[in-house]
Amino acid sequence: MELQVKNASDAAPGQMTVADEVFARPFNETLVHQVVVAYLAGGRAGTRAQKTRAQVSGGGAKPWRQKGTGRARAGSTRGPIWRGGGVTFAARPQDYSQKVNRKMYRAAMRAIFSELLRQDRLQVVDELTLPEIKTKQMIARLAALGVADQRRVLLVSEDVDLNLGLSARNLCQVAVSDVAGLDPVSLVGADAVVITAGAMQRVGEWLA
C-alpha cells in the first residue's frame, strides 16, 4: 500500500510503502471492543475499601439490657443500622484487569490503524519537530496540516519529543504520544491522527 507523506516545507508530498498485512486489515469490531474495555479496566485502581461490623472499633458492650426497656434488643453499637457502624456489604479492594494476549492486542491495533486509514483520519508527515517550545507555533502547524478544527487530535512521533509535548500541553484537544506509548483508546477516540513517517515505519515493524 502506498501512502502520501506531507512535507513540513510545503514541498511536493512524498510516498511511502506500508504492508497491507498491517494497514489494510478488515475491522473486527468485537475484538477492538474487547481490547478497549480491557485497557480501560486495567487503568482502574480498584482500591476502594469499607469496613464491616467486625472491623470497626467499639461495640463490645451491650448498649442496654435485653428486656424491659421498651426498645428493640441490641447487642452492639456497631451494626449497620447504627451511626458509626459497619457497612452491610462492604466494598473490598479488587483487581479489574482483564487478560488480553499479545496476538489479540496486535490484531486489534492492526484493525484500528486500517480503519483510520479507510476513514481518512490518519495522515503521515515527514516530521513533527518544533524549533522551540511555543504553543503559537503548534497552532500554526496544526492549521497547516488541516486538523486545527478537529475536536481530538493525536500527534505521534517516533520518539519522545520534549518541544512537541510542551508546546501542545495547553491545547485541550491535542494529545502527543510516541510509538511506545500508543494505546487503543487514544487511537479510537481521536478524530485525526498525525503520525511521522518514521513512527509509521516503526508501527509497521511492531505489528508485522
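Below is a table of values for the structure above.
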{"quantity": "Computed over segment 29-68, Kirkwood Rh from alpha-carbon pairs, angstrom", "calculated": "14.9 Å"}
{"quantity": "Within segment 168-208, backbone nitrogen closer than 14 Å to the virtual label 7 Å beyond the Cα of Arg152 toward Cβ", "calculated": "172-176, 183-194"}
{"quantity": "Peptide ranges 151-157, 67-73 listed from the most packed, as the mean C-beta count within 10 angstrom indicates", "calculated": "151-157, 67-73"}
{"quantity": "Highest average packing first - 103-116, 79-92, Cβ atoms within 10 Å", "calculated": "103-116, 79-92"}
{"quantity": "Total formal charge among the other residues, if their Cβ is under 13 angstrom from that of Thr47, Lys/Arg +1 and Asp/Glu -1", "calculated": "+2"}
{"quantity": "Crossing angle, helix 135-145 versus the chain [Cα axis fit, 0-90 degrees, rounded to tens]", "calculated": "60 degrees"}
{"quantity": "Under 14 Å, Cβ to Cβ, from Glu132 - net charge with Lys/Arg +1 and Asp/Glu -1", "calculated": "+2"}
{"quantity": "Reachable lysines from Lys6, criterion Cα separation under 27 angstrom, eight or more residues apart if same chain", "calculated": "Lys134, Lys136"}
{"quantity": "Sum of side-chain charges, Phe27 neighbourhood, beta-carbon under 13 Å (Lys, Arg +1; Asp, Glu -1)", "calculated": "+2"}
{"quantity": "Cα pair count fraction exceeding 33 Å, expressed as % - the chain", "calculated": "39 percent"}
{"quantity": "Segment 123-208: radius of gyration over Cα atoms, expressed as a fraction of 2.2 N^0.38 Å", "calculated": "1.00"}
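Computed from the coordinates by the stated procedures, all read-outs in this text should not be read as laboratory data. Keep in mind that what you see is a predicted model, and the values were worked out from it rather than measured. In this analysis, Cβ positions are derived from the backbone assuming ideal geometry, glycine residues included, and neighbour counts consider all displayed protein chains.
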